[in-house]
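Everything on this sheet refers to the single structure shown next.
The values are calculated or read from the model by the stated rules, or taken from the named source; none is laboratory data. Bear in mind the structure is a predicted one, so any value in this text is a computation, not a measurement. Using ideal geometry, Cβ is built from the backbone for each residue, glycine included, and neighbour counts are taken over all protein chains shown.
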Amino acid sequence: MNRSSVIAATALFAGLSLAPIGTHMVAPVSADEPALYGYSAESSRAERQWEEKLRAIPSPENLRAYMQRLSARPHNVGSPYDKDNAEWIASKFKEFGLDAQIETFDVLYPTPKERAVELVDGGPKFTAKLQEPALAIDPTSDQQAEQLPTYNAYSIDGDVTAPLVYVNYGIPEDYEKLERLGVSVKGAIVMTMAPFTETPRRSSFS
């Protein structure tokens with residue numbers, strides 16, 4: 001088991017500005033606006049004023065800087081940078097005036113010992129690298145020393161050899177079209193394409 005340091009509502013701070021609420025410029029609330037459902041006219045004005053103040057708080061610059069800091073290194077559960085992130089988030093919460101504490105939990109978190117995907121029949125022998133190439137625009141994409149290998153978390157151990165069928169996005173219409181074409185996926189390994197990409201990303205056993 002891995003030990004994971006976690007903080008509740010860690011996304012809360014992501015876009016917060018360090019300036020206090022009262023210093024933000026907000027649009028005036030019109031007295032002619034209809035009352036909010038469940039509010040009186042007076043409480044509606046107060047509610048809208050608070051909503052405008054809160055909308056003025058998120059800072060795109062802070063959000064970008066925070067996300068770059070949190071994702072600068074691989075941080076799977078129980079990893080050194082996961083702990084570092086938890087401590088950094090706790091310090092930010094305290095900086096914002098919140099009472100933040102870190103609690104540690106034992107969780108079941110499987111990681112792979114062996115992985116292999118091979119085409120063994122029906123064409124040239126092919127062994128998948130199971131590793132995404134680094135991207136020049138993303139300096140964090142080549143941090144292989146700390147990365148977990150690609151794998152399907154919480155899947156069972158096994159060694160499956162079966163025919164391979166490509167099923168496009170794997171939606172019902174795709175299977176219906178294959179059936180009309182006389183292609184069966186029963187007992188096959190199916191490969192689907194992740195939505196909004198042109199790259200096959202997933203496979204499963206039918």
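General observations
- Residues that are part of a loop (DSSP other than H, G, I, E, B), surrounded by 10 or more Cβ atoms within 10 Å (Cβ to Cβ) and among the hydrophobic types (A, V, I, L, M, F, W, C), drawn from the range 100-114: Ala100, Ile102
- Selection count, the range 115-142, where residues are farther than 23 Å from Ile156 by Cβ, of a type in the set (A, V, I, L, M) and surrounded by 11 or more Cβ atoms within 10 Å (Cβ to Cβ): 1
- A search for C-beta distances below 7 Å between a residue of the range 165-181 that is in the same structural domain as Gly123 (by TED's automatic domain parsing) and any residue that is assigned to a loop (DSSP other than H, G, I, E, B) and small (Gly, Ala, Ser), counting only pairs 6+ apart in sequence or on different chains, returns Val165/Ala188.
- Screening the range 32-68 for residues that are touching a residue at least 24 places away in the same chain (Cβ under 8 Å) and part of a loop (DSSP other than H, G, I, E, B) and picking the one that is farthest from Asp84 (Cα to Cα) gives Ala56.
- Only one entry of Ile156, Ile137 meets the criterion of being without any contact (Cβ under 8 Å) to a residue 60 or more places away in the chain and under 30 Å from Pro58 (Cα atoms), and that entry is Ile137.
- Residues of the range 54-77 classified as under 29 Å from Gln144 (Cα atoms), more than 17 Å from the chain's Cα centre (by Cα) and surrounded by 12 or more Cβ atoms within 10 Å (Cβ to Cβ), total: 1
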